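Asks: Encoded as structure tokens, here's the structure I'll be asking about.
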Amino acid sequence: MLIIDNHKLESLRKHLNCPDLQVFAYADWGSENPDHRKLIHSHRDQIILNSNTPLHSSIAHTQGMGVLMISSHAIGVDVENTHRVSEPIAKRIAKPGEYESAPSAASLWTAKEACFKALRPFRQPSVLSEFSVGDWQKITSQYETFTLLNYSEHQAPSAGAGVCFQEQKFSFGFYCVNL
């Protein structure tokens, strides 16, 4: 099952301003597979070891899906089964007004998880509620863009760019810190 086809990958590269972005998403990498971590890490290690430039990677997995994201930029990815992200869960990690401005609970959750992971090289907060995402823009009926609102508090060089979308039963969040 191909979730991230060439059209989606090119769209992500454009909206994230991340031309060297690589994304791999496979059902076999889902968390119910006891070897899912080994499979994802093996794929990642093979790409990074064969690269002539330093690369960042981010990994996410849920029941039925695993995702690997690779780029020379600081990046983050998240994937969730959409039905698992409820309003109370999303509100727990939201700053005031953040939940109300987000397109959905799942979009807010995956956006914040992706940002959290991308902040590793900078000053990563200890919890998701310590930073805000916003400036949501609807691209299509299933795609939204966002930015990290308080990026300077985390010593990130820019607000970066993020994309969330729903595909089948999954919600995906991608974020890139543009250097």
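The values are calculated or read from the model by the stated rules, or taken from the named source; none is laboratory data. Since the structure is predicted, the reported quantities are computational estimates derived from the model, not experimental observations. Using ideal geometry, Cβ is built from the backbone for each residue, glycine included, and neighbour counts are taken over all protein chains shown. Calculation scope for accessible area: heavy atoms of the full protein, side chains included, ligands and nucleic acids excluded. Shrake-Rupley method; radii C 1.70, N 1.55, O 1.52, S 1.80 Å.
Asks: Among (i) 1.31; (ii) 1.13; (iii) 0.94, which one is Rg/Rh (Cα atoms, Kirkwood Rh) computed from these coordinates?
Replies: (iii)
Asks: For the stretch 78-155, give the percent of accessible area contributed by carbon and sulfur heavy atoms, probe 1.4 Å, rounded to a whole number. Working shown, then result.
Replies: Numbers: 1880 of 3850 Å².
Answer for the stretch 78-155: carbon and sulfur cover 49 percent of the accessible area.
Asks: If you take the charge dipole of the chain about its Cα centre, with +1 on Lys and Arg Cβ and -1 on Asp and Glu Cβ, which of HIS56, PRO121, TYR26 is farthest toward its positive end?
Replies: PRO121
Asks: Using the beta-carbon distance between ASP135 and ARG84 and R0 = 35 Å, what value does 1/(1 + (r/R0)^6) give for FRET efficiency, to the nearest 0.05?
Replies: Working: r = 26 Å, r/R0 = 0.73.
It comes out at approximately 0.85.
Asks: Quick one: which of 62-75, 31-44, 150-163, 93-106 comes out on top by average Cβ neighbours within 10 Å, and what's the full order, highest first?
Replies: Working: 62-75: 21.6, 31-44: 14.4, 150-163: 18.4, 93-106: 16.8.
For the peptides 62-75, 31-44, 150-163, 93-106, the packing ranking is 62-75, 150-163, 93-106, 31-44.
Asks: Let me ask something else about it. Below 8 Å between Cα atoms, with a sequence gap of 6+, how large is the relative contact order for the chain in percent?
Replies: Values: 402 pairs, mean separation 37.2, N = 179.
Reported as a whole number, the value is 21 percent.
Asks: Sticking with this one: Determine, from the Cβ-Cβ distance of ASN150 and SER31 and an R0 of 30 Å, the FRET efficiency 1/(1 + (r/R0)^6), rounded to the nearest 0.05.
Replies: Working: r = 31 Å, r/R0 = 1.03.
The computed FRET efficiency comes out at 0.45.
Asks: Compute the distance in nm between two label points, each set 7 Å from the Cα along the Cα-to-Cβ direction, one at GLU100 and one at HIS41.
Replies: 4.4
Asks: So with the 1.4 Å probe, I'd like the accessible area per residue for the chain, rounded to whole Å². Working shown, then result.
Replies: Working: 8520 Å² over 179 residues.
Dividing the accessible area of the chain by its residue count gives 48 Å².
Asks: While we're here: For all pairs of alpha-carbon atoms in the stretch 101-168, what percent lies in each bin of width 5 Å, listed from the first bin to the last filled one?
Replies: The distribution over the stretch 101-168 is 3, 18, 32, 23, 14, 7, 2, 0, given as percents.
Asks: To continue, here is another question. Would you calculate, for the chain, the mean residue ellipticity at 222 nm contributed by helices, counting each DSSP H stretch of 4 or more residues as -39,500 (n - 2.57) and dividing by all residues, to the nearest 500?
Replies: About -8000 deg cm²/dmol.
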